[in-house]
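Q: Below is a structure I'd like to ask you about.
All of the numbers you see were taken from the coordinates with simple rules; none came from a lab. This one's a predicted model, so the numbers in the text were calculated from it and none came from an experiment. Here the Cβ is made from the backbone with ideal geometry for all residues, glycine too, and neighbour counts use every protein chain on show.
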Amino acid sequence: MAAPVVITKEMALTRAGFFRGIAKALGTETYAKTADGVVLEDDGGRLEITLGPERRRKIALMEIEVMDVTLTFSGYSKENRLAALTMFDRAFQRGGG
């Protein structure tokens with residue numbers, strides 16, 4: 001079995017916002033909530049999403065909530081991992097970007 005693929009993102013997101021959008025991001029509601037995030041096991045693959053602490057980032061006069069989000073893919077093909085990552089990114093996309 002290949003080594004897990006770990007991707008860490010800094011996201012303009014709160015824990016509450018994460019949990020509001022995670023079912024859409026995963027395309028299912030059959031995930032397990034953990035103390036620090038969620039785990040999805042599907043078709044022999046495992047996706048563990050771990051949330052870092054919330055913090056505030058100041059840009060000029062504006063402050064936004066941010067946190068690090070770590071996605072650990074185990075047992076995913078490259079194609080399935082990229083598809084899951086695209087779905088995750090689209091679900092949490094904000095603004096015009």
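Q: Over its Cα atoms, what ratio of radius of gyration to 2.2 N^0.38 Å does the chain give?
A: Here the Cα radius of gyration is 1.11 times the empirical estimate.
Q: Continuing with this model, one more query. What are the GluC sites (Glu not before Pro) within the range 22-74 that DSSP puts in a loop, where the Cβ has at most 11 other Cβ atoms within 10 Å?
A: Of the GluC sites (Glu not before Pro), the ones in loops of the range 22-74 whose Cβ has at most 11 other Cβ atoms within 10 Å are Glu29.
Q: Moving on to the next point. Quick one: if the Förster radius is 30 Å, what FRET efficiency do Leu61 and Met87 give, using the C-beta to C-beta distance and rounding to 0.05?
A: Numbers: r = 34 Å, r/R0 = 1.14.
About 0.30, to the nearest 0.05.
Q: Rounded to the nearest 500, what is the chain's calculated 222 nm mean residue ellipticity when only DSSP H runs of at least 4 contribute -39500 (n - 2.57) each, over all residues?
A: One gets -8500 deg cm²/dmol as the mean residue ellipticity at 222 nm.
Q: Taking the Cα atoms only, what angle lies between the long axis of helix 78-91 and the longest principal axis of the chain, rounded to 10 degrees?
A: Roughly 30 degrees, rounded to the nearest 10.
Q: Could I ask something else about it? In Å and on Cα atoms, what radius of gyration and Dmax does the range 1-55 show?
A: Spelled out, the Cα radius of gyration and Dmax of the range 1-55 are 11.9, 36 Å.
Q: Distance in nm between label sites at Ala2 and Thr28, each 7 Å beyond Cα in the beta-carbon direction?
A: Here the modelled spin labels are 1.9 nm apart.
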